[in-house]
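Below is one structure, written out as structure tokens; the observations come after it.
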Amino acid sequence: MSEVNPLPNGWVRASVRDVLAPPTGWNPGGAETATIKYVDIEAVDNKRQRIGAPKEIPISGLPSRARVGIKSGDVLFSLVRPYLKNIARVPQDLDGHVASTAFVSLRPASGMHTDFLFYQLTQDNFIKAIPTYGNSPPAARDEEFLDMQIPVAPPAEQQRIAAKIEELLSDLDAGVSALEHSRANLKRYRAAVLKAAVEGRLTEKWRAAHPGVETAEKLLERILAERRKKWEEAQLKKFAEKKQAPPKGWKDKYSEPVKPDVAELPKLPEGWCWASWSEIGLSQNGRPFPSKEYSDIGAKLLRPGNLYATGAVGWTQKNTKCLPESYALENPDLIVGGGELVMNLTAQSLKDEFLGRICITANDERCLLNQRLARLTPILISPQFILWLFKSAHFRKFVAGLNAGSLIQHMFTSQLEEFVLPLPPIEEQSAIVLETGRLLSICDAVEVQMNRDGYRSARLRQAILKRAFEGKLVPQDPKDEPAGELLARIRAERTDQVAAGRGRGKIRKKIRQKTRK
């Protein structure tokens with residue numbers, strides 16, 4: 001790690017290796033039935049840099065990566081994707097247990113304060129200076145990491161610095177915790193707004209002020225008539241393209257949509273009715289396009305990564321892939337335009353609500369619909385209303401019940417046709433869209449401010465650490481033992497320990513020789 005400012009009096013620069021106690025081996029030992037706590041990457045909370053939930057497993061069942069012995073006061077630092085900051089101090093209850101080889105365990109030498117070392121390693125400028133290799137995943141090399149330089153303060157000053165950092169960061173962490181609590185409340189409020197919207201509670205006053213509007217049942221009749229009309233027009237177009245006359249009875253081949261069973265469904269507001277998606281909308285699957293044809297120019301290809309949790313379709317340099325324009329010309333039915341609804345049909349899990357994520361395209365959009373996505377086209381209904389509906393808990397509950405237990409989660413447009421949804425009158429849909437948009441826009445503004453506060457807190461944290469390791473956070477005491485003397489003592493103790501180890505090794509060798517004789 002490069003240093004720009006000169007060090008304070010009594011400080012020295014040293015490698016990480018220079019301030020550590022000599023490494024010791026680890027032997028699990030114990031009975032086959034004994035258990036031990038195992039710290040892997042998942043056990044570390046990288047937001048708070050602490051060990052959260054280590055696994056307790058039998059010693060006989062330890063994975064091959066469980067080879068790093070740990071003691072209370074050690075600092076665990078993951079060299080796999082170091083930018084993720086999987087860094088933590090080992091608490092007392094994990095003394096003598098084991099960690100994954102994804103970590104390097106840093107045991108401060110006598111006179112080095114654990115917290116002083118720990119906070120140095122969490123600085124952004126230190127993390128950024130770590131060289132990494134490879135891409136799957138990128139990782140640092142132990143030897144290079146241990147050779148990185150850090151400033152070392154006198155032992156007494158280390159304690160004062162660590163105490164002051166703890167004091168300042170505890171106040172900052174309390175503010176961050178309150179901010180995260182507010183984020184959780186905001187998320188719940190968003191969900192509550194959408195729930196109230198699709199249950200009709202958001203427009204109770206509107207209904208009272210607008211009696212006599214066309215009911216949803218009348219609207220559904222018009223939708224079903226329009227649905228059949230669209231099907232007939234599509235069939236006639238196919239016959240015309242083939243230059244064929246419509247055969248006798250061709251209209252009888254029309255497939256009626258799924259009728260929902262509403263017997264056990266809750267009562268809806270006055271003027272509303274239940275409907276299935278197949279009654280009020282059309283679904284179209286994307287198709288697989290050859291990845292070998294991907295380029296940076298041409299017709300944009302809409303993929304799951306372009307669907308954002310906000311409900312918007314986004315394009316960045318990283319997530320944008322294009323195909324030659326010829327693919328758009330050959331597949332005009334797969335061109336997605338402005339103001340259209342698209343849904344993701346495949347995800348690794350249900351945790352982030354990626355499966356079934358619905359978005360609406362911008363007005364000037366033009367892209368090709370890739371596989372694993374579906375275009376949803378409501379008939380005579382506001383697409384924005386459908387967006388809110390499919391983002392609500394009502395639809396999320398439906399998605400959660402589709403499949404479970406597999407590593408990859410899927411849903412299909414055939415399943416979507418059976419989704420039963422509450423349908424308001426068309427005029428009330430417009431009122432719902434306006435009021436929901438108004439309330440969610442307030443949420444957006446609050447979230448922007450929260451993000452700014454979070455960014456400021458992160459910068460303030462780094463500013464505190466920067467001042468600490470420049471020697472500007474606490475007063476210095478000229479009576480303190482200089483750091484140079486500390487390092488000399490650490491080197492001497494290490495030399496003595498190495499020599500003692502060699503001596504023990506010679507004794508063991510002599511014993512083995514005598515035993516063989």
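The values are calculated or read from the model by the stated rules, or taken from the named source; none is laboratory data. Quick caveat: nothing in here was measured; it's all calculated off a predicted structure. Heads up, the Cβs are rebuilt from the backbone with ideal geometry, glycines too, and the neighbour counts pull from every protein chain shown.
Worth pointing out:
- Of all residues in the range 54-86, those that are part of a loop (DSSP other than H, G, I, E, B) and farther than 15 Å from residue 98 by Cβ total 5.
- Residue that is farthest from residue 228 (Cα to Cα), among those in the range 245-300 that are of a type in the set (Gly, Ala, Ser) and surrounded by fewer than 16 Cβ atoms within 10 Å (Cβ to Cβ): 295
- Any helices (runs of 4 or more DSSP H) falling wholly within the range 363-481 and containing at least 2 residues that are assigned by TED's automatic domain parsing to the domain that holds residue 346 and on the phi > 0 side of the Ramachandran plot: none
- The criterion of being of a type outside the set (Lys, Arg), in the same structural domain as residue 440 (by TED's automatic domain parsing) and either farther than 30 Å from residue 281 by Cβ or free of Cβ contacts under 8 Å to residues at least 24 places away in the same chain (or both) does not hold for residue 197.
- Single unsatisfied condition, residue 197 versus (1) farther than 22 Å from residue 310 by Cβ; (2) in contact with an Asp or Glu (Cβ under 9 Å, 6 or more places away or on another chain): (1)
- Subset of the range 102-127 (residues that are outside any strand (DSSP E or B) and farther than 20 Å from residue 47 by Cα): 107, 109, 110, 111, 112, 113
- All of 75, 68, 90, 98 fail the test of being β-branched (Val, Ile, Thr), in contact with a Phe, Trp or Tyr (Cβ under 7 Å, 6 or more places away or on another chain) and under 24 Å from residue 486 (Cβ atoms), apart from 75.
- From 130, 161, 150, 165, residue being under 25 Å from the mean Cα position of the chain (by Cα), on the phi < 0 side of the Ramachandran plot and surrounded by 17 or more Cβ atoms within 10 Å (Cβ to Cβ): 130
- Residue 463 fulfils the conditions (1) within 24 Å of residue 18 (Cα to Cα); (2) at pLDDT 95 or above; (3) among the small types (Gly, Ala, Ser) except for a single criterion, (1).
- Residue match in the range 219-239 (condition: on the phi > 0 side of the Ramachandran plot and either loosely packed, with under 11 Cβ neighbours inside 10 Å or not in a helix (DSSP H, G or I) (or both)): no
- Of 57, 130, 70, 87, all but one fail to be in contact with a Pro (Cβ under 6 Å, 6 or more places away or on another chain), among the aliphatic types (A, V, I, L, M) and either without any contact (Cβ under 8 Å) to a residue 24 or more places away in the chain or in the same structural domain as residue 146 (by TED's automatic domain parsing) (or both); the exception is 130.
- Only one of 280, 223 that is in contact (Cβ under 8 Å) with a residue 60 or more places away in the chain, outside the structural domain of residue 328 (by TED's automatic domain parsing) and among the β-branched types (Val, Ile, Thr): 223
- For the range 79-127, the set of residues classified as buried (at least 19 other Cβ atoms within 10 Å of the Cβ), of a type outside the set (A, V, I, L, M) and more than 23 Å from residue 13 (Cα to Cα) consists of 86, 97, 100, 103, listed by residue number.
- Subset of the range 337-357 (residues that are β-branched (Val, Ile, Thr) and either surrounded by fewer than 21 Cβ atoms within 10 Å (Cβ to Cβ) or assigned to a loop (DSSP other than H, G, I, E, B) (or both)): 346
- Hey, residue 130 closer than 25 Å to residue 491 by Cβ and part of a helix (DSSP H, G or I) or not: no
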